[in-house]
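Asker: Handing you this structure, nothing more for now.
The values are calculated or read from the model by the stated rules, or taken from the named source; none is laboratory data. Everything quoted here is computed from the prediction, not taken from an experiment. We place every Cβ from the backbone using ideal geometry, glycine too, and count neighbours over all the protein chains shown.
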Amino acid sequence: MRSVFGSFAAWGPGDGDATVQTAPSARTLSIPCENHPFRWAGSDSPTLSIKGTGNTLIVATSQQKKSQMGEATITMKAIVVTDRAAGTAGMTLVERPAPQAAINDVIVQVHASGFVGTELAWPSTWTDRLDRDRTPSIPGHELAGVVTALGYGTTGLSVGQRVFGLTDWHRDGTLAEYVAVEARNLAPLPGGVDFTVGASLPISGLTAWQGLFEHGRPQAGQSVLVHGAAGAVGSMATQLAREAGAYVSCGSEH
């Protein structure tokens, strides 16, 4: 009853309950209101569910609101920031319009997302590429979820596919129920990998990969020393170096 693309109940004076089904690809839904308003089932109270450990967040399910003309516009819950000086205390759960897919975009229903506290100090969290204010903005860049829509010209992915990846630094992020992402920034998520695990991989994994293979370029049989091997980047670097055939020595700051 509180699913964006599932079913919900609506009723008016003198009517019995009516259940309306929405298609997974639907962006709006027209409801015949006739001479009386409808009201939506479910609570308007924001809900936040936290799953897993570390920075993995799953944002609550969204609801649909009736417009003045009797058409329900798809909305979602999202965490936004507006005040740069407020830090994490300024993060607020609100209702926002669900994103639309631009050319080469994919809309992903977010099952898990990663947030790094230092994002709130990044200029791209607050301004676009022309240095124009873009608040209220949605932080978070790592995600794992399911594709729900494809933009014009998008190839390589399909609706219903499990994916993980990164959003553009200058676009709204992943602390939301839905996010628009360029298809090139996503990869298929194997069925045996949990969404929370998938959302924890992109930044740490790419950092480790770039350090090892774009800068260090280890060869099979060489030795690699990984400092802070118990951390997110270090643990990824250890596994990648071992897969490359290197002898890995691990260090710790403690």
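Asker: Which condition breaks for R217 when tested against (1) modelled with pLDDT of 90 or more; (2) closer than 22 Å to G198 by Cβ; (3) not aromatic (F, W, Y)?
Answerer: Single failed check for R217: (2).
Asker: Could you figure out which of (1) in a loop (DSSP other than H, G, I, E, B); (2) surrounded by fewer than 19 Cβ atoms within 10 Å (Cβ to Cβ) isn't true of R171?
Answerer: Evaluating R171 over (1) in a loop (DSSP other than H, G, I, E, B); (2) surrounded by fewer than 19 Cβ atoms within 10 Å (Cβ to Cβ) leaves (2) as the failure.
Asker: Related question: Which condition number in (1) closer than 30 Å to G153 by Cβ; (2) modelled with pLDDT under 95; (3) in contact with a strand residue (DSSP E or B) (Cβ under 6 Å, 6 or more places away or on another chain); (4) of a type outside the set (D, E) is the one that A112 fails?
Answerer: (2)
Asker: Looking at (1) more than 27 Å from W169 (Cβ to Cβ); (2) among the polar types (S, T, N, Q); (3) touching a residue at least 40 places away in the same chain (Cβ under 8 Å), which is the one condition that is false for S200?
Answerer: Among (1) more than 27 Å from W169 (Cβ to Cβ); (2) among the polar types (S, T, N, Q); (3) touching a residue at least 40 places away in the same chain (Cβ under 8 Å), the lone unmet condition for S200 is (1).
Let's see how each residue does on (1) assigned to a strand (DSSP E or B); (2) farther than 20 Å from S200 by Cα; (3) among the hydrophobic types (A, V, I, L, M, F, W, C):
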{"position": "I79", "(1), (2), (3)": "yes, no, yes"}
{"position": "A89", "(1), (2), (3)": "no, yes, yes"}
{"position": "E95", "(1), (2), (3)": "yes, yes, no"}
{"position": "Q100", "(1), (2), (3)": "no, yes, no"}
{"position": "I103", "(1), (2), (3)": "no, yes, yes"}
{"position": "I107", "(1), (2), (3)": "yes, no, yes"}
{"position": "P139", "(1), (2), (3)": "no, no, no"}
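Asker: I would also like to ask the following. Restricting the first residue to the range 126-138 and requiring it to be within 25 Å of V110 (Cα to Cα) and at pLDDT 95 or above, which pairs with a second residue that is outside any loop (DSSP other than H, G, I, E, B) and among the aromatic types (F, W, Y) meet a Cβ separation below 6 Å and a spacing of at least six or different chains?
Answerer: From the range 126-138, no pairs qualify.
Asker: Restricting to the range 199-240, what's the tally of residues that are closer than 23 Å to E142 by Cα and part of a helix (DSSP H, G or I)? Walk me through it before giving the result.
Answerer: We begin by selecting, within the range 199-240, every residue closer than 23 Å to E142 by Cα; these are 199-214, 228-240.
Applying the additional criterion that residues be part of a helix (DSSP H, G or I) yields 199-200, 202-214, 232-240.
Within the range 199-240, residues that are closer than 23 Å to E142 by Cα and part of a helix (DSSP H, G or I) number 24.
Asker: With D133, D168, D172, D194 as the choices, which residue is in contact with a helix residue (DSSP H, G or I) (Cβ under 8 Å, 6 or more places away or on another chain) and either of a type outside the set (G, A, S) or on the phi > 0 side of the Ramachandran plot (or both)? Working first, answer last.
Answerer: Numbers: D133 fails: in contact with a helix residue (DSSP H, G or I) (Cβ under 8 Å, 6 or more places away or on another chain); D172 fails: in contact with a helix residue (DSSP H, G or I) (Cβ under 8 Å, 6 or more places away or on another chain); D194 fails: in contact with a helix residue (DSSP H, G or I) (Cβ under 8 Å, 6 or more places away or on another chain).
Every option except D168 fails the conditions.
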